[in-house]
Amino acid sequence: MKQKDLGLDLSTRRTRKQILLEEMDQVMPWSELLALINPHAPVAKVRYRGLAKNTAQLITLFVLSKILMARSRLLQGAKA
């Protein structure tokens, strides 16, 4: 268990990682992104299928997420 889980975030300095994650969350909230991806890639325990197949699945998920993020940015730009 971590201090952050208990609500005891005692650090005052924001790291570059925290800043990046906050900016990413503003562009595309994590919960919305997972809601879009999960129907196409459900999380389940499976046996090892080979490095090539697992890598292909990961690359596909990353490409899908990048497409969805770009789509949301384009839609926000069209509204402005």
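The values are calculated or read from the model by the stated rules, or taken from the named source; none is laboratory data. Because the structure is a prediction, the values reported are computed rather than measured. Positions of Cβ are backbone-derived with ideal geometry, glycine not excepted, and every protein chain shown enters the neighbour counts.
So that you can scan it fast, the table gives a plain yes or no per residue for (1) surrounded by 10 or more Cβ atoms within 10 Å (Cβ to Cβ); (2) modelled with pLDDT under 75:
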{"residue": "Arg16", "(1), (2)": "no, no"}
{"residue": "Asp25", "(1), (2)": "yes, no"}
{"residue": "Asn38", "(1), (2)": "yes, no"}
{"residue": "Pro42", "(1), (2)": "no, yes"}
{"residue": "Leu61", "(1), (2)": "yes, no"}
{"residue": "Ala70", "(1), (2)": "yes, no"}
{"residue": "Lys79", "(1), (2)": "no, yes"}
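Contact map, the range 54-67: first residue touching a residue at least 24 places away in the same chain (Cβ under 8 Å), second residue not in a helix (DSSP H, G or I) and not acidic (Asp, Glu), Cβ cut-off under 8 Å, separation 6 or more or different chains; pairs are Leu61/Ala41; Leu64/His40.
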